[in-house]
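A.B. asks: Have a look at this one before I ask anything.
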Amino acid sequence: MKPVLVLCLGNEYISDDGFGPAVAARLNTGSELPDYVEVLGAAVAGFNLLDHLAGRQRVLIVDTIRTGKSAPGFLHHFSLGELAPTHHLTTSHQISLPTALEFGRRLGLAMPAAVDVLAVEADDLETLREGLTPSVAEAVDQAVLEVGTWILENRVKEVPDNNGR
Amino acid sequence: MKSITIDPITRLEGHGKIHLFVNDDGSLANCYFQVPELRGFEKFCQGRPVEEMCRITTRICGVCPDAHHLAAAKAADAVYGVVPPPAAVKLRRLMYNAFFAGDHTTHFYALGGPDFVCGPDAPPGERNILGVIAKVGIDAGKKVIAQRARGQRVIEIIGGKKVHPVTALPGGMAKRVTKEEQAEMIKIGAEMVEFAKFTIQIVNDVVLANKAYVDMILSDPYTHKTYNMGLVDEKGKVNFYDGKVRVTGPDGAKHAEYEPKNYLDYVAEHVEPYSYLKYPYLKKIGWKGFVDGVDSGVYKATPLSRLNASDGMATPLAQAEYERFYETLTKDKSGKTPVHATLATHWARVVELVYASEATLELARDEEITSDQIRIIPEGIVGEGVGIVEAPRGTLTHHYKTDKNGIVTEANLIVGTTNNNAPITMSIKRAAEGVIKKGVQITEGMLNRIEMAFRAYDPCFGCATHSLPGQMPLEVIVHDTTTGEVINAQRRYC
């Protein structure tokens, strides 16, 4: 398992919710990524997030948010603990990311020391439609650049296991 | 009196809103509940091959994808007029029961648990899964994680992928199960049954041992005497995957039992001007407003409803827990008298968790699941199909019409929570009546009691597939009924 993870959350069938997958697609088809990092796209929620986070040292989550205070397409940066709640929390399990992380820690799972978040201010998170709204689509390039920078700033030496891999 | 307009709000800030209108004497005049809803489903489906719906709809809901996968598959079976072979049905059922066991576990311990186990007056910092762990022990937490992983492993084996299964097709399944995979699933089933027993013990020791909890469950603010809906098999027992839809009345009498394809003869949808939410109701009784009782078409479809509508559970440990449930809450273990207390839904989930675990083990042991007879290729087309399953949070209906090539022309979906939109509104109003008083500042505890009323329904609003960070943002706004003026407001998580 790679120690550094970029987890791009979202559902590409719900308009701007597809931002995360769009960023992941660009990162995974561009030039090769450093060997300490993995970029995953996932449409998961609540507890299912824990499965992705356990065992990682550093994580960047790419997602959408709707604060209502910024123009669509604006890129927010948070670290865990600063997160403002958004629309798509309404998973039936309603387990918050901070709670999920704390839960994992208390059970002795190896959880990342820090989780950073890059979230685009979304316009439409209600319409079933493939494709981002224009302002959000325009933010993909910038997001890809910022993720690239984050990856370089979070270089971690992979600790070899007993097989020396 | 001024007339106030509440718009459906084309762009909610992403949170639920509850508007409460309070009279001068402090009593509650009215309550309006709004949530953001996904729109454009039918348009989205048009032009797609119907078998794609099995894979697309799993991604619309990242929390109960298996329910959509199978409801869409059953609808697609009907569109093509094919009946899957028995081995395929067993595989679908095995995967689905494993999913249910995992999902109900997560809900009981992480969501309902905090209210049920810690109590509504526990401080907010404890009213989450961490508080539950503190009460029941770290070991319990580890067991919850393991239980979820088990459910996901079965879905991966039979459904081809964790979380979002892909193998159900019109006419059956795309993937066989090997003897090794079967052996693994038998072991998983046995572990699930042990976990189910552990959970029964938790209900015993932490909840039932405390009379205050039982009183809280049975207390009035969370009770609505509505009709109840759930799928039942040919023996009248709860079945998540297949059967007839049965509806029973507030007193327990049978109102209807019908084949899924006839659902439109029994269920209609009411609309209100202030919300995009639809309010399904029983057509033959009629819409009489947000009221309960035998003359109102309002019905519930929840784990509690399923127990009420049925004659029992198909497996022994679950049946024993079913009888204990009804004995404790109605003094009649047969279950003929329905339980209406909304909070009892959390316990009903445990009864279903037990059944799902036993069914997983039973189906895993069935020799037929390794058969290669798992698909019938369709040879003709009917052009219309309805697929109904029980999702963890209520009866789920997928309805598709296609052209002669199986391309979708019309689509309708009633998700689990939609069935409960009217009861949820009523529960919120009932809870609010109990705590909101004009001139009194709304406290965190009051907000929580209102929220608890609908948390018991395990609502799935907005069908989100990811979480950032995880609580439903809610705004409660209190208006003066005469002027409409906002006199009090409280937000949480937003």
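The values are calculated or read from the model by the stated rules, or taken from the named source; none is laboratory data. Keep in mind that what you see is a predicted model, and the values were worked out from it rather than measured. When we count neighbours, we look across all protein chains shown, and the Cβ atoms used for this are built from the backbone with ideal geometry, even at glycine.
A.B. asks: Quick check: anything in region B:52-68 of a type in the set (A, V, I, L, M), more than 14 Å from every other protein chain (Cβ to nearest Cβ) and within 16 Å of the chain's Cα centre (by Cα)? It would help to see each step written out before you state the result.
C.D. replies: Taking region B:52-68 and keeping what is of a type in the set (A, V, I, L, M), we get B:53, B:56, B:60, B:63, B:67.
Still in the running and more than 14 Å from every other protein chain (Cβ to nearest Cβ): none.
The answer is no; no qualifying residue exists.
A.B. asks: Inspect region B:93-116 for any residue being in a loop (DSSP other than H, G, I, E, B) and either modelled with pLDDT of 95 or more or of a type in the set (A, V, I, L, M) (or both) and give the result as yes or no.
C.D. replies: No.
A.B. asks: For region B:353-394, what are the residues that are of a type in the set (Gly, Ala, Ser), more than 19 Å from B:VAL245 (Cβ to Cβ) and buried (at least 20 other Cβ atoms within 10 Å of the Cβ)?
C.D. replies: B:ALA356, B:SER357, B:ALA359, B:ALA364
A.B. asks: Going through region A:101-116 one residue at a time, which ones are facing chain B (nearest Cβ under 7 Å) and either within 21 Å of A:VAL144 (Cβ to Cβ) or not charged (D, E, K, R) (or both)?
C.D. replies: A:PHE103, A:LEU107
A.B. asks: Give B:VAL389, B:VAL354 a once-over and let me know the one that is within 30 Å of B:TYR276 (Cα to Cα) and of a type in the set (Val, Ile, Thr). Let's see the steps before the verdict.
C.D. replies: Values: B:VAL354 fails: within 30 Å of B:TYR276 (Cα to Cα).
Of the residues listed, the single one that is within 30 Å of B:TYR276 (Cα to Cα) and of a type in the set (Val, Ile, Thr) is B:VAL389.
A.B. asks: How about region B:294-307: which of its residues are farther than 9 Å from B:PRO423 by Cβ and either in contact with a His (Cβ under 8 Å, 6 or more places away or on another chain) or not in a loop (DSSP other than H, G, I, E, B) (or both)?
C.D. replies: Within region B:294-307, B:PRO303, B:LEU304, B:SER305, B:ARG306, B:LEU307 meet the criteria.
A.B. asks: Quick check on my filter: what residues within region B:312-349 are under 20 Å from the mean Cα position of the chain (by Cα) and more than 21 Å from B:HIS104 (Cβ to Cβ)?
C.D. replies: Selection gives nothing.
A.B. asks: Mind telling me which of the residues A:ALA45, A:ALA84, A:ALA24 ends up being modelled with pLDDT of 75 or more and either in a loop (DSSP other than H, G, I, E, B) or in contact with a Cys (Cβ under 6 Å, 6 or more places away or on another chain) (or both)?
C.D. replies: Numbers: A:ALA45 fails: modelled with pLDDT of 75 or more; A:ALA84 fails: modelled with pLDDT of 75 or more.
That would be A:ALA24, the only listed residue that is modelled with pLDDT of 75 or more and either in a loop (DSSP other than H, G, I, E, B) or in contact with a Cys (Cβ under 6 Å, 6 or more places away or on another chain) (or both).
A.B. asks: Moving on. List the strands (runs of 3 or more DSSP E) inside region B:390-494, counting only whole elements, that have at least 1 residues being at pLDDT 75 or above, away from every other protein chain (no Cβ under 14 Å) and more than 16 Å from B:CYS31 (Cβ to Cβ).
C.D. replies: Working: elements: B:394-402, B:408-414, B:474-480, B:486-492.
So the answer is B:394-402, B:408-414.
A.B. asks: Still on this structure, I have one more. From the set of residues in region A:1-20 that are under 14 Å from the mean Cα position of the chain (by Cα), more than 10 Å from chain B (Cβ to nearest Cβ) and closer than 21 Å to A:ALA71 by Cα, which is surrounded by the most Cβ atoms within 10 Å (Cβ to Cβ)?
C.D. replies: A:PHE19
A.B. asks: For residues that are at pLDDT 90 or above and within 18 Å of A:THR149 (Cβ to Cβ), scanning just region A:58-75, find the one that is farthest from the other protein chains (Cβ to nearest Cβ).
C.D. replies: Step by step, filter region A:58-75, then rank; the result is A:ARG58.
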